[in-house]
Amino acid sequence: MNKKEQLYELVEEYQNIFDEQPINLHDLDDDSTFIDDIISLVQNSIKSKIKITDDMLKSVFEDTPTNSIL
Amino acid sequence: MATKQEILSKLAASHEQRISKVLFDLEEDIINSLQEATNGIPLTTDLAIQLRPNLKRLIEQNYLKEGSKIISEYDEVVKGYMDYIRTTPVPDRFKLLTQPDLKLINQLKQLSFSGFENVANRFLDTIANEVYQSAIVGKPFPEMVQNIRGAVNGVYRRSNEAAINRLVDIVEENRYSDDPISKKKFEDARKILHSKYASDIRGENMRKYASQIAHDSIMQFDGQFTKYKGEEAGITSFKYTGTNIITTREFCRTYLNEVRTEEEWRDIFTGNWKGKSGSDPFINRGGYRCRHSFVPYDPAWDAEDVQKEIKKEEIKIDRKRKKENIFGDVSNDEKDILPNVFGKDENKYTKAISLIPALKQLRYVSEGKSAYYFPWNNADQLNVKKVVNDGAKTTFAHEYGHRIDDQIGRLVNDNDKVINELSKNVKDKNIVNTFKKGIVYKNEAKNISILASEKILEDRKILVKALDERKKQANDWYFSTISKLSNNIDKRYKQCAKILDELIDKDFPLTKNEFLKIMGKSANSNILVDDIKTAYQIKLKLMPSSLHRYMHDYIGSVTRNKVGFGHSDSYYKKWETIFKDGKDVVKFGENLETFANYYAAHTGNFYEFGKSVSVEYVKLMNYYAPNLTREYEYYMDVISKL
């Protein structure tokens, strides 16, 4: 299983717990240097049963302007 | 080629901006001149009278000189009109500019200049009177300076306080920007300036009238010239054209794209509405700073045979252009990327690109920042990763798909014939009205994907139906199947291969080779338990984690992440609702993302394991979301015939 599949399975697990998908993943490449950070973020969130917040995401992703079409 | 309306909007904005700058220079020049004249001597009434010619000269050198330059650019409006009329079926003799036309153009320009002169004379009096009265009452010099600054630039006058000047600079730097952050800076700074001068805001300042004249003058010139040329060609009806923005008057909103005779328009314009500036439709339109304009338009042109003739002409032009470049007009930034991402062969997807204008701005985003498209306020800004690998190609195609969705929508939005054709399958006509009216940022979004809202819901219902049961069925099948597999690895491979052959039956969306390809395997590869698990999930229309991330995004955007995912729930929630069916809601973000993913797949830009897997994923899109995928296919067919 590659990192992308690992992340997708984790996000599915997250969805089952919190009934929402918190992260914009659509253009995240398999070889992105951020994929490990995101995997770790989702893993920790599932483990601690704490929802991923905007602030947590900001620590990984940079912001885009409001109303941007991603 | 820019339309007449685009030329008008661009020039009107640029003229306002230039006049605004000139008024700052004028303010400084006047104050410097007064300081020089009163250096060491008291301001007397005689001196005040002597200063008047100086003030007049400064206004002429600054404001009227720029006004004259601005008016010389009205020829662009004439060109825009001529480009428009050449696309209509009026006789050829009316498609040329004649000597009397040039005479009229000069007269109209002179008339426009008199508007600038009126403002100049009015404020020359105001400023000269301020100087004279200051001399009579012995007003302190700094107070007179502040009053004159206010008379020229209102709250945007220069100040002794550096902080205030910084705010004025912020306003000027960001006033005409498309960037939302700049807009916010502009609004904040303006608000502070208004509160700073709240006690003495001058409603009557030169800046207010001069910038309004700069805007309205070009629009009036256009209205009068259009009316004259329309009459000359024997056209008695006119179409009210332009776009809707958040501040569009209700009157303009109501009559936008309406075609009426001159008499009917004159009758309509006898009514009253907020912001009305006069009753002549061709001069006043919706009122002060109205961005709408008329074009001569004969309803008979909508007749089918005439449309065919027009189309024939357009096709001729298109074919000529295609030979030169299948992508049409492109920016320098796009020139090399487009063939790299979309190939060199002409098809309906490249045709769509050839129909839209060249991209205004391409920017590269850093790692960790999402790619995005920003179209608001006509920004047309594409923010992408450098196209250095397959993943970046997919992202570029996805973002470019957003651009196609947006720009084609803008292109066809006032063409009822094309809209009727595109919306052939739309049952709820409110959706068509939403598309025509526009939504989101100042009603600017007129994406063609809006029309597919019902199809998104149709497919969503299928995909989420009995979802938990299907997930359980897949799990049960998986555990039951692996429990029956041999512990011997070779036997296990063979068993899995046999199970896969059974799963890939006539109802399976892919052939065995296609399935193996998307799994990164060849015909000789060993079949693993994960492979048969994936095949079984596909059979149940679930989304295995090994499928392409943009396929996940496509299905995630159809189902609002109930099946598949890519964009976050909060991303979808931030957009406006487009369509409701009971409890089921389609948000604009879902229209956007479904189309972008459709476009990326259908332009051959899904890659896995170093190969294009678009053919396979197009089949999967048709399998998972058949109604929506077919609908988009249909839109592209209609667009390819434009």
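Selection of strands (runs of 3 or more DSSP E) fully inside the stretch B:319-390 by the criterion of at least 3 residues being touching a Lys or Arg at 6+ places or on another chain (Cβ under 7 Å) returns B:381-384.
With respect to (1) in a loop (DSSP other than H, G, I, E, B); (2) among the charged types (D, E, K, R); (3) touching a residue at least 24 places away in the same chain (Cβ under 8 Å); (4) over 29 Å from B:VAL432 (Cβ atoms), the lone exception for B:LYS517 is condition (1).
Restricting the first member to the stretch A:1-23 and to residues that are touching a residue at least 60 places away in the same chain (Cβ under 8 Å), and the second to residues that are part of a loop (DSSP other than H, G, I, E, B), no beta-carbon pair is closer than 6 Å while six or more apart or on different chains.
Restricting the stretch B:393-415 to residues that are part of a helix (DSSP H, G or I), away from chain A (no Cβ under 13 Å) and more than 16 Å from B:TYR349 (Cβ to Cβ), the residue that is least open to solvent (accessible area, probe 1.4 Å) is B:VAL412.
Looking only at the stretch B:255-262, decide whether some residue is part of a helix (DSSP H, G or I), in contact with a Gly (Cβ under 9 Å, 6 or more places away or on another chain) and touching a residue at least 24 places away in the same chain (Cβ under 8 Å). Yes, the conditions are met somewhere in the stretch B:255-262. All told, B:ILE49 meets the bar of being open to solvent by 30 Å² or more (accessible area, probe 1.4 Å), of a type in the set (Val, Ile, Thr) and either in a helix (DSSP H, G or I) or under 14 Å from B:ALA120 (Cβ atoms) (or both).
Conditions (1) closer than 24 Å to A:THR53 by Cβ; (2) open to solvent by 20 Å² or more (accessible area, probe 1.4 Å); (3) in contact with a strand residue (DSSP E or B) (Cβ under 9 Å, 6 or more places away or on another chain), marked per residue:
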{"residue": "B:TYR554", "(1), (2), (3)": "no, no, no"}
{"residue": "B:ASN561", "(1), (2), (3)": "yes, no, no"}
{"residue": "B:GLY564", "(1), (2), (3)": "yes, no, no"}
{"residue": "B:TYR572", "(1), (2), (3)": "yes, no, yes"}
{"residue": "B:GLY582", "(1), (2), (3)": "no, yes, no"}
{"residue": "B:GLU593", "(1), (2), (3)": "yes, no, yes"}
{"residue": "B:ASN597", "(1), (2), (3)": "no, no, no"}
{"residue": "B:ASN605", "(1), (2), (3)": "no, no, yes"}
{"residue": "B:SER612", "(1), (2), (3)": "no, yes, no"}
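No other residue among A:LEU28, A:LEU57 is within 11 Å of chain B (Cβ to nearest Cβ) and touching a Phe, Trp or Tyr at 6+ places or on another chain (Cβ under 8 Å) apart from A:LEU28. Selection over the stretch A:1-16 of residues that are more than 7 Å from chain B (Cβ to nearest Cβ), open to solvent by less than 70 Å² (accessible area, probe 1.4 Å) and in contact with a helix residue (DSSP H, G or I) (Cβ under 8 Å, 6 or more places away or on another chain) gives a count of 4. Number of residues in the stretch A:42-54 that are in a helix (DSSP H, G or I) and within 13 Å of chain B (Cβ to nearest Cβ) equals 2.
Scanning the stretch B:266-279 for residues that are open to solvent by less than 40 Å² (accessible area, probe 1.4 Å) and not in a loop (DSSP other than H, G, I, E, B) yields a total of 1.
Applying the selection to the stretch B:342-395, what residues are without any contact (Cβ under 8 Å) to a residue 40 or more places away in the chain and on the phi > 0 side of the Ramachandran plot? Matches in the stretch B:342-395: B:GLY368, B:ASP380.
Checking B:ILE85, B:ILE70 one by one, the residue that is in contact with a strand residue (DSSP E or B) (Cβ under 8 Å, 6 or more places away or on another chain), open to solvent by less than 80 Å² (accessible area, probe 1.4 Å) and over 17 Å from B:GLN133 (Cα atoms) is B:ILE85 and no other.
Of B:GLU232, B:GLU263, all but one fail to be in contact with a helix residue (DSSP H, G or I) (Cβ under 9 Å, 6 or more places away or on another chain) and open to solvent by 50 Å² or more (accessible area, probe 1.4 Å); the exception is B:GLU232. Exactly one residue out of B:ILE450, B:ILE532, B:ILE462, B:ILE527 is among the β-branched types (Val, Ile, Thr) and assigned to a loop (DSSP other than H, G, I, E, B), and it is B:ILE527.
Contact map, the stretch B:421-440: residues that are assigned to a helix (DSSP H, G or I) paired with residues that are small (Gly, Ala, Ser) and buried (at least 18 other Cβ atoms within 10 Å of the Cβ), Cβ distance under 6 Å, separation 6+ or inter-chain. Pairs shown: B:ILE431/B:SER453; B:VAL432/B:SER423. A Cβ distance below 8 Å, combined with a sequence gap of six or more or placement on separate chains, defines the contacts here; from the stretch B:583-604, residues that are within 14 Å of another protein chain (Cβ to nearest Cβ) and among the charged types (D, E, K, R) reach residues that are assigned to a helix (DSSP H, G or I) and crowded, with 24+ Cβ neighbours inside 10 Å in the pairs B:GLU590/B:ILE456; B:GLU590/B:SER557; B:GLU590/B:VAL558; B:GLU593/B:ASP553; B:GLU593/B:TYR554; B:GLU593/B:GLY556; B:GLU593/B:SER557. Scanning the stretch B:433-490 for residues that are under 22 Å from B:GLY242 (Cα atoms), basic (Lys, Arg) and open to solvent by 50 Å² or more (accessible area, probe 1.4 Å) yields B:LYS436, B:LYS437, B:LYS442. Somewhere in the stretch A:34-41, is a residue within 8 Å of another protein chain (Cβ to nearest Cβ) and outside any helix (DSSP H, G or I)? Checked against the condition, which is being within 8 Å of another protein chain (Cβ to nearest Cβ) and outside any helix (DSSP H, G or I), the stretch A:34-41 yields at least one hit.
The residue of the stretch B:535-563 that is farthest from B:GLU590 (Cα to Cα), among those that are facing chain A (nearest Cβ under 10 Å) and among the hydroxyl-bearing types (Ser, Thr, Tyr), is B:SER546. For the stretch B:139-152, the condition of being of a type in the set (Asp, Glu) and either at pLDDT 85 or above or in contact with a Cys (Cβ under 7 Å, 6 or more places away or on another chain) (or both) holds for at least one residue. Number of residues in the stretch B:376-392 that are more than 10 Å from B:LEU362 (Cβ to Cβ) and within 11 Å of chain A (Cβ to nearest Cβ): the value is 9. In the stretch B:564-575, the residues that are more than 8 Å from chain A (Cβ to nearest Cβ) and touching a residue at least 60 places away in the same chain (Cβ under 8 Å) reach residues that are of a type in the set (Val, Ile, Thr) and open to solvent by 10 Å² or more (accessible area, probe 1.4 Å) with C-beta atoms within less than 9 angstrom, at least six apart or across chains, in these pairs: B:TRP575/B:ILE439; B:TRP575/B:VAL440.
Just one of the numbered conditions (1) over 21 Å from the mean Cα position of the chain (by Cα); (2) within 14 Å of chain A (Cβ to nearest Cβ) is not true of B:ALA466: (2).
The values are calculated or read from the model by the stated rules, or taken from the named source; none is laboratory data. Here the structure is a predicted model, which is why all the values come from computation and not from measurement. As a convention, Cβ positions derive from the backbone with ideal geometry for all residues, glycine included, and neighbour counts pool all protein chains shown. When the accessible area is computed, the model is the full protein with side chains, heavy atoms only, and any ligands, DNA or RNA have been set aside. Shrake-Rupley method; radii C 1.70, N 1.55, O 1.52, S 1.80 Å.
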